[in-house]
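Each remark here refers to the structure printed beneath this line.
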Amino acid sequence: MLRDVMTIIWKEGKELLGQKGRFKGGKTGMLIFLAVFGILMPLQNGPAWISSPLAMLYWAWIPILLASGVVADAFAGERERHTLETLLASRLPDRAILAGKIGAAVLYGWGLTVICVLAGAIALTVVHGHGKILFYPLPIAAGIVGATLLVAVFGSALGVMISLRAATVRQAQQVFSVAFLVLLVPLFALPMLPPSVKAWLAARVGTIDFKMIGIAAAGVLAAGDVLLIFIADRRFRRSRLILD
Amino acid sequence: MSDIVIRTRGLGRDFKSVTALDDLSIDVPAGIVFGFLGPNGAGKTTTIRLLLGLLEPSRGRAEVLGFDTRTEASRIRASSGALLEHTGLYERLSAEDNLEFYGRIARLSAPERSARIRELLTHFGLWDRRGEAAGKWSRGMKQKLAVARALLARPRLIFLDEPTAGLDPVAAASLREDLASLAAREGTTVFLTTHNLDEAERLCRRVAVIRAGRLLAEGPVEDLRRGESAPAIEIRGRDFGPAAVERLRGLAGITGLAETPGGLIITWAGEVRTAEAVRVLVESGASVEEVLNRRPTFEDAFLKLVKDETTEES
């Protein structure tokens with residue numbers, strides 16, 4: 001099973017790195033992303049970039065941004081380019097195909113995010129270190145790595161699930177964007193709350209245990225990951241994929 | 001293993017109210033090229049999908065390589081290769097990487113993969129261009145690459161769905177030659193769907209003809225040709241006037257008479273009476289220059305089968 005998953009990831013990687021003319025994906029796109037998010041932004045923000053716990057919130061969105069560029073292609077792209085039926089006619093087990101597609105998107109989204117995180121520390125050390133190595137405090141580093149992994153799995157599983165039934169890549173991207181917006185509804189709704197509720201929330205912020213919030217958020221994300229993978233697994237039916 | 005590679009009994013598949021395949025019962029022996037023929041929309045692709053376990057049958061059952069398509073489809077797919085309706089090539093990957101991917105899927109070891117890829121690409125004359133993206137290739141080259149992919153793991157059975165469709169005559173002939181030689185050399189059973197009758201006649205030892213999802217005939221090509229086509233002669237010459245044609249129609253045993261530019265084609269129910277026909281024409285003032293025995297072609301037989309079925313339906 002693992003070997004089959006790795007085979008799919010190998011193919012996805014080859015396709016991703018080999019593609020030309022697209023901003024997201026491809027070696028050039030990855031280098032631009034690394035330059036902007038791994039070097040330029042940390043240097044603009046200075047040493048505070050690595051010491052603030054808010055960095056976790058910032059980095060948490062990056063894997064979804066990255067994965068969104070490739071994940072819609074997972075099945076919808078294969079369907080659009082007429083490669084899906086041949087893939088399904090191979091000996092690969094259903095779960096290996098699904099896990100390979102999700103795994104490839106996670107590796108891309110999470111892997112590039114972690115590289116950007118490390119590049120930021122290196123850039124800051126070079127420019128602001130004065131001979132000392134600047135790095136994220138351990139809890140923040142662990143938080144970034146864990147949070148980005150959970151978010152990457154969430155975004156990838158959601159995207160692959162949408163891509164399973166989408167007729168075209170464009171349709172998959174549109175549905176994924178809408179799903180992503182729905183997830184952001186609570187943030188957009190905050191300013192619309194009645195003043196009394198806002199005041200109550202503001203009073204509570206001072207007493208919030210951020211560590212507990214972080215652990216709870218990680219728990220919710222992990223549960224969401226498991227749920228999405230479970231649903232994607234249930235929706236993966238060779239005959240449905242052929243007929244769709 | 002039984003020497004029957006594919007066995008179907010009453011196999012059928014419906015899509016909502018449309019019956020794509022109905023009551024298909026065939027046996028495909030091992031080691032031959034089996035032609036599955038029919039016009040567009042006859043149910044050929046649906047049959048391949050059912051045999052590969054990609055679709056569930058609505059009724060009936062099928063065994064491929066001894067495995068049930070409902071319950072052991074993964075074992076069927078593990079032992080067979082397929083070139084389906086589309087080439088299924090990853091156009092952004094090189095030809096070599098396309099084969100590498102399917103070699104990995106088939107669990108070939110790295111040295112095995114490398115040797116087999118070289119062997120197949122060399123055989124098809126594609127080795128020198130192995131590093132190019134498959135998307136840049138001509139349709140004929142892509143088709144050859146897709147056939148190479150189907151043969152990669154030396155499967156016992158390969159499914160080829162219209163492998164020469166859309167190819168120019170030279171590329172099609174070259175691919176047919178490759179298919180015939182590879183099938184013979186590797187001892188692979190080939191399940192070939194096509195609506196190209198010439199191709200079927202050249203490549204296939206046995207054929208099945210379907211139309212609108214129903215099996216019309218099955219057997220060796222020669223038997224179908226003999227069984228379905230009436231004997232005929234073609235008489236070429238000049239001055240085949242209405243009187244001559246009318247007198248010919250009066251001859252016993254003639255079932256069909258078609259005028260062609262510069263001649264006539266006469267179909268007989270039983271014994272062919274060439275001398276009598278020539279005599280009638282000459283007596284009517286026609287000049288007979290040439291008489292040809294028209295060996296019924298496979299196309300004649302196929303068209304008759306399909307036409308008979310249409311007439312029966314109407």
* Please identify every one of the trypsin sites (Lys or Arg not before Pro) in region B:1-106 that sits in a loop by DSSP and has no more than 10 other beta carbons within 10 Å of its own beta carbon. => B:LYS16
* Structure fact -> Note: chain B, point scatterers on Cα, Debye, no solvent; log10 I/I(0) at q = 0.09, 0.14 Å⁻¹ equals -0.57, -1.03
* Can you work out ³J(HN,Hα) from phi for every residue in region A:75-90, in order, using Karplus 6.51 cos²θ - 1.76 cosθ + 1.60 and θ = phi - 60°, giving whole Hz and x for Gly and Pro? -> 10, 4, x, 5, 5, 5, 8, 6, 10, 5, 5, 5, 4, 5, 7, 8
* Structure fact -> Rounded to a whole number, the mean other protein chain Cβ count within 10 angstrom for residues of B:85-97 is 5
* Asked: Tilt of helix B:274-283 relative to the longest C-alpha principal axis of chain B, in degrees (0 to 90, nearest 10)?
  -> 50 degrees
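Based on the Cβ-Cβ distance from B:LYS307 to B:ASP128, what FRET efficiency comes out when R0 is 60 Å, to the nearest 0.05? Kindly include the intermediate steps, with their values, before the conclusion.
On the way: r = 48 Å, r/R0 = 0.80.
Calculated transfer efficiency: 0.80.
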* Asked: So what is the 222 nm mean residue ellipticity for the protein assembly as shown from helices alone, if each DSSP H run of at least 4 adds -39500 (n - 2.57) and you divide by all residues, rounding to the nearest 500 deg cm²/dmol?
  -> -17500 deg cm²/dmol
* To do: Under a 10 Å cutoff between Cα atoms, tell me which one of A:MET212, A:MET192, A:MET161 has the largest fluctuation in the Gaussian network model of chain A.
  => A:MET192
* **Average other protein chain Cβ within 10 Å of Cβ, residues B:48-56** => 4
* Structure fact -> Placing each pseudo-label 7 Å from Cα in the direction of the beta carbon, A:LEU243 and B:ALA180 end up separated by a distance in nanometres of 4.0 nm
* Could you tell me which of the pairs A:LYS14/B:LYS142; B:LYS44/B:LYS142; A:LYS14/B:LYS44; A:LYS11/B:LYS136 are separated by over 26 angstrom between their Cα atoms in the structure shown? => A:LYS14/B:LYS44
* To do: Report the convex hull volume per residue for region B:1-64, counting only C-alpha atoms, in Å³.
  => 81 Å³
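Of the accessible area of region B:230-295, with the probe set at 1.4 angstrom, what percent is carbon plus sulfur? The partial results should precede the final answer.
Details: 1840 of 3680 Å².
About 50 percent, which is the carbon plus sulfur part of the accessible surface.
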* To do: Please calculate the 1.4 Å probe accessible area of A:TRP200, with all protein chains present, and give it to the nearest 10 Å².
  => 140 Å²
* Taking a probe of 1.4 angstrom, what is the accessible area of B:VAL28 in Å², to the nearest 10? -> 0 Å²
* Asked: Over the protein assembly as shown, one equal point on each Cα, no solvent: what is log10 I(q)/I(0) by the Debye formula at q = 0.09 Å⁻¹?
  -> -0.81
* Asked: Hey, got the average number of other protein chain Cβ atoms within 10 angstrom for residues in A:88-101?
  -> 4
* To do: Could you pull out every residue, at least 5 positions away or on a different chain, whose amide H is within less than 5 Å of the one on B:ILE210? Hs are placed 1.01 Å off N in the peptide plane, and Pro or chain starts have none.
  => B:LEU37, B:GLY38, B:LEU216
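Mind checking the alpha-carbon convex hull of region B:1-138 and giving the volume per residue in Å³?
Numbers: hull volume 20.4 nm³, N = 138.
Roughly 148 Å³ of hull volume per residue.
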* To do: On a C-alpha basis, how far is the centre of region B:211-225 from the centre of region A:170-204 in Å? Whole number, if you could?
  => 64 Å
* Asked: Most fluctuating residue of B:SER284, B:SER25, B:SER17 in a GNM of chain B with Cα springs under 10 Å: which is it?
  -> B:SER17
* To do: Specify the angular offset, from 0 to 90 degrees and rounded to the nearest 10, of the alpha carbon long axis of helix A:210-235 from the longest principal axis of the alpha carbons in chain A.
  => 10 degrees
* Structure fact -> Listed residues A:ILE213, A:ILE229, A:ILE122; largest mean-square fluctuation, Gaussian network over chain A with Cα springs below 10 Å, found at A:ILE213
* Structure fact -> Note to self: C-alpha centroids of region B:36-65 and region A:28-96 sit apart, in Å, by 39 Å
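DSSP loop (so not H, G, I, E, B), at most 13 other Cβ within 10 Å: list which trypsin sites (Lys or Arg not before Pro) in region A:1-101 pass both filters.
On the way: sites: A:ARG3, A:LYS11, A:LYS14, A:LYS20, A:ARG22, A:LYS24, A:LYS27, A:ARG79, A:ARG81, A:ARG91, A:ARG95, A:LYS101; in loops: A:LYS20, A:ARG22, A:LYS24, A:ARG81, A:ARG91.
When the trypsin sites (Lys or Arg not before Pro) of region A:1-101 are filtered for loop state and at most 13 Cβ neighbours within 10 Å, A:LYS20, A:ARG22 remain.
Please report the buried accessible area for the interface of A with B, total over both chains, probe 1.4 Å, in Å² to the nearest 100. It would help to have the intermediate numbers written out before the result.
Values: alone 13830 and 15430 Å², together 26500 Å².
Counting both chains, the buried surface is close to 2800 Å².
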* Relative contact order (%) - criterion: Cα under 8 Å, at least six apart; region: region B:4-226 -> 30 percent
* Structure fact -> The simple spin-label model distance between B:GLU72 and A:PHE230, using points 7 Å out along Cα→Cβ, in nm, is 3.4 nm
* Nearest-ten-degree value, helix B:110-123 long axis tilted from longest Cα axis of chain B -> 30 degrees
* Structure fact -> For the pair A:LEU65 and A:VAL36, the simple spin-label estimate (label points 7 Å beyond Cα toward Cβ) gives in nm 0.7 nm
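Please list, by residue number, every one of the GluC sites (Glu not before Pro) in region B:223-309 that is coil in DSSP and has at most 14 other beta-carbon atoms within 10 Å. Kindly include the intermediate steps, with their values, before the conclusion.
Details: sites: B:GLU228, B:GLU234, B:GLU246, B:GLU259, B:GLU271, B:GLU276, B:GLU283, B:GLU289, B:GLU290, B:GLU299, B:GLU309; in loops: B:GLU271.
Of the GluC sites (Glu not before Pro), the ones in loops of region B:223-309 whose Cβ has at most 14 other Cβ atoms within 10 Å are B:GLU271.
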* **Distance between region A:209-230 and region A:105-141 - C-alpha centres, whole angstrom** => 24 Å
* Round to the nearest 10 and report in Å² the accessible area of B:VAL282, as given by a 1.4 Å probe over the protein chains' heavy atoms. => 80 Å²
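The values are calculated or read from the model by the stated rules, or taken from the named source; none is laboratory data. Keep in mind that this is a model prediction, so the values were computed, not measured. Here Cβ is always computed from backbone atoms with ideal geometry, including for glycine, and neighbour counts include all displayed protein chains. Accessible surface areas use protein heavy atoms only, side chains included; no ligands, DNA or RNA. Shrake-Rupley method; radii C 1.70, N 1.55, O 1.52, S 1.80 Å.
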